[in-house]
Amino acid sequence: MTLKFEQALIRNGNFVLGPIDLQFRAAAVTVVIGPNGGGKSTLLRAVAGLLPAHAGHARLQWEQSQSARADELSMTSARTLAGEMEIAKITPSQRARLLSFVPQRPESVAGFSVRTSVELGRVAMRADAPRVQLALERTGIAALADELVGHLSEGQRHRVAFARALAQRTAQTQLLIVDEPTSALDPSWTRALAAELRHSASEGLAVIVATHDFAFAGAIADDVVALAQGKIAAAGRAVDILTPHTLQPIFNVPFRMVEHLALNPLCLPMWNDAINAS
Amino acid sequence: MTARRQQLGWICLSFLLVASIACRFLVGRDAIGQWTFAWPTSDSIEWRAGALISAFLAGAALSLSGIFLQTLLRNPLASPFVLGLSAGSQACVAAAYWIAAIGGPWLLMGGAIFPATVGALLALAVTLYFGRGKGGGIDPISLVLSGVIVGTVAAALASLIEWLLPLEMRPALAGWALGRVLEVPEISVTVITAIAVFTATFMGIRNGSTLDAMGLSEDESSSIGIHVARVRLYLVLGSSVLAAVATALCGPLAFIGLIGPHMARSCVGPRHRASVLAAAISGSTLLIAADAVRHFAPASTGRLPIGVICALAGGPFFLILLRRGAAKAWMR
Amino acid sequence: MRQAMLVLLMALAMAACRPQDAATAPAHLSDQPPRIASFSPALSATVVALGWENSLVGRTPWCKSTAPIVGSLNDVDLETLARMKPNLILIQQTRSGAPAQLEQVAREKGWRIEFIPATSLDDIRHLPTAVEQAVGKPAPISPQLFAQALEKELTTCAAAQKLSPTILLYNDEPIGAFGADTYLAQAWNAMGGTLAFSKSGNPNLSMEELFATQPKSIIVIVGAVGDKAHAQSHDVLGDACAKRGVSLLALYAPQLLLPGPEFTTGLSLFRAEIQKFCVAQAQTQAQAIQAPATTQVGALEVTADNISQGANKP
């Protein structure tokens, strides 16, 4: 299955993203980067089907061999032509089975316990206590299961939201969308999260992550999409995009290759010259 | 909320309900008008039962309306009175009286439930429109402010219409606008209120987890499979109808719809599967208790108006909530 | 489900009570001593004045009586009302009738509801007779006496003519006036006075409206003791009147605000007060302009005459 944007124009209030052409691969991590106001969150919400394409298309497409999955999602109705479907038009209960979405600032009722809050991930599906427990353990909050969400720190609440996304996972899940996960996280959880995201990709999901953290991006990305001023500034394999040559014009900051990590070269913005200059 | 604590909460709620029913059932007035506390005469049983039924239903309806509004808006200060729904109903019913005075009484069939519903919906729509922040999100405090203003304007409209009415028709409205608990409630209104209350309780319990999920941000609840727009529509309609039937039955009573849900959550926890039923019970308990308390007045004054009791008990509660920063603590 | 059970139990209790109530057939009123519950201060006062003080078994919080309070039309205390076992319920006539639940219970219990108007002067004239008719028995004190006493107070009064055209106020802040069709305005007309405006009902007037009608005098009827001092020292109205040469008279007469039998007493007091006022006014004028004594004596004689007439109490 692939997710394809064709000349898609997405409106989010006064902000306009696109028209963009993009393709997200299954079984890969796509990192979305870009300056503030570049359209990262808008793109992620469009990927999750929460914002419709105002013009053009944002479609899910699947090959013949994958149509069995589409059958499970009961999407091969008369409305779907040739194994493709507009992602904003799928019903909420189909969406729940198809994708998980972790927003930048997760919100929950302060009076709910952590376990209750995670269980909400399965609200549209059959309850699954072992899966909820597994999600709690994999996000490292099993010990907090009976705490109230209102008593947690921001980073812990983000873990709760991620655990909810894990609890929501079914055999049919195709997409995992995470908006700026690292802003409130400590290094150990950032590391664990990176492993989780790679693991999800290895399970065949298309993982889409927006971030400002280039170390994190470099560690997990297969593909990179750089957005600036509502347009795609660059898109392609991580090795091609995460280079000073590509990133400097987008962010207006000098970049330098630092070290070769497992997956990609580490390309970081430089501060010293700016600090020295002032 | 451990299971044990929840159990304790249920016992506590049931006890309070039974106690308030017993209290209202036993309190009366003797031959010189002094309050008494005794088993009613066969004559009075019917009326005390009638007052209990109308207080039970109106209290439950207000409290359910409150919990639905709080879930809809993710705002613990929301309630049909604070957001102007009650006053909206009042204004529309006054308008219906006015039209009926000119055109004919057919508009008031069914005990003014129809105009009351229209009024509640209108008031909620206006409150939401003006309480909505620029960014599309809803700031809890500006929502409440907007509601208070809408309520004040609607109440003023009701007074204006009352003023325009022929002098002879004013008393019928005036008594209703003060709030009341009727011993002999109109059958049609009572039946409709009962249907609304039981349907709302049933639907609320059945869709408890969906309502729980409405506590997440809109993006999250959509992505876990909630049809947010549809659920919101149901909540708007449900809370408006409930506020309207309660207002048609007992007039615009303050704060029952605010305290009820809070009492429910503190007893049985925030999950709607439990708190919806608990809210209905809490609201009933509160209004029945208020109706009982108003009888404990000296013979020289007669029993006190129910509206005064509700406002006196509820106002400070609202202030305490505000002081404790409840508006901010809801969303996390 | 516990709630459902409770409601069911209550419904059963209600059902159990019904037949018993239906059994009490409406009795013929004239066979029994009257037991009257009144939902109007004016009607309560009439009932008491007719000598049925002991028959008044229910009243509103605003009625002057020792009978138990049975609520108001806004909030009828059915239980207390039923305990007092009334056979007649008096309501000041309205188009919307009695509250629905009172009407329903009255029908079941065989209580008779009578609507008696009390708006115009004619209504006040007929009030005692109307109440007697409603009770269906000769009253201990004849209603005719009240009518005669009232007629005495409705004779022409020189002071009323002198002060006309006038505006009668029941409140000075905001200004509330007795309209042309109210009982007090009609009584004023009967006394030979005229009203400075022709509005009906109880209109609220602005200062401008008040003086645009060019009244010769303004009479404020004060109903509460606290108001009395207030109205007399109400500088704004007082100054405005003094500037325009309008006579301002504040009169403590709560009886005039209630269209009941005490209205006659109030009217008598009213006549005496306006005559006193005219005399005092004439005296100050006489002192001010040092006019020939003869005209003043004539005026004094006329007023003294009227005072003695006004003092004739029923």
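Each reported figure results from applying straightforward, stated rules to the coordinates on display, with no laboratory input. Worth saying up front: this structure is predicted, and the values here are computed from it rather than measured. Backbone-built Cβ (ideal geometry, glycine too); neighbour counts: all protein chains shown.
Figures for the structure shown
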{"item": "Karplus-derived HN-Hα couplings along region C:77-93 (A = 6.51, B = -1.76, C = 1.60, θ = phi - 60°), whole Hz, x at Gly and Pro", "result": "8, 4, 5, 4, 4, 5, 4, 7, 6, x, 10, 9, 10, 9, 10, 5, 4"}
{"item": "Packing-based exposure ordering (other Cβ within 10 Å, fewest first) of A:TRP189, B:TRP35", "result": "B:TRP35, A:TRP189"}
{"item": "P(r) weight above 35 Å for the protein assembly as shown, C-alpha pairs, percent", "result": "64 percent"}
{"item": "Residue pairs, from the table C:LYS152/C:LYS216; C:LYS152/C:LYS276; C:LYS152/C:LYS199; C:LYS243/C:LYS276; C:LYS216/C:LYS243; C:LYS64/C:LYS276, whose Cα atoms sit over 24 Å apart", "result": "C:LYS152/C:LYS216; C:LYS152/C:LYS199; C:LYS64/C:LYS276"}
{"item": "Rounded FRET efficiency, nearest 0.05, which uses the C-beta distance separating B:PHE317 from A:HIS199 and R0 of 41 Å", "result": "0.25"}
{"item": "Alpha-carbon Rg/Rh ratio, for chain B, with Rh computed the Kirkwood way", "result": "0.97"}
{"item": "Region A:2-277, relative contact order [Cα under 8 Å, separation at least 6], %", "result": "24 percent"}
{"item": "Virtual spin-label span in nm between A:ARG256 and B:ARG132, 7 Å along Cα→Cβ", "result": "5.0 nm"}
{"item": "All aspartates and glutamates inside 18 Å of C:LYS162 as judged from Cα atoms, apart from same-chain residues fewer than 8 positions distant", "result": "C:GLU153, C:GLU273, C:GLU301, C:ASP305"}
{"item": "Extent along principal axes [Cα atoms of region A:1-65; Å; largest to smallest]", "result": "41, 24, 18"}
{"item": "Chain A, helix-only ellipticity at 222 nm - DSSP H runs n ≥ 4, -39,500 (n - 2.57), divided by all residues, nearest 500", "result": "-9000 deg cm²/dmol"}
{"item": "Shielding by other protein chains, B:71-81, mean Cβ within 10 Å", "result": "1"}
{"item": "Kyte-Doolittle at least 0.5, axis length at least 20 Å by Cα - qualifying DSSP helices, chain B", "result": "B:3-26, B:42-73, B:85-102, B:113-131, B:140-164, B:187-206, B:228-250, B:272-293, B:306-323"}
{"item": "In sequence order, calculated HN-Hα J values of region A:205-219 (Karplus, 6.51, -1.76, 1.60; Hz; x Gly/Pro)", "result": "7, 8, 9, 10, 10, 9, 7, 9, 8, 6, 5, 5, 4, x, 6"}
{"item": "Two-site FRET efficiency, B:ARG4 against B:ALA299, from Cβ-Cβ distance with R₀ of 51 Å, rounded to 0.05", "result": "0.60"}
{"item": "Contour excess over end-to-end distance, with Cα ends at A:SER183 and A:LYS4 and 0.36 nm allotted per residue", "result": "61.6 nm"}
{"item": "Helix-derived mean residue ellipticity, 222 nm - over chain B, DSSP H n ≥ 4, -39500 (n - 2.57), to 500", "result": "-24000 deg cm²/dmol"}
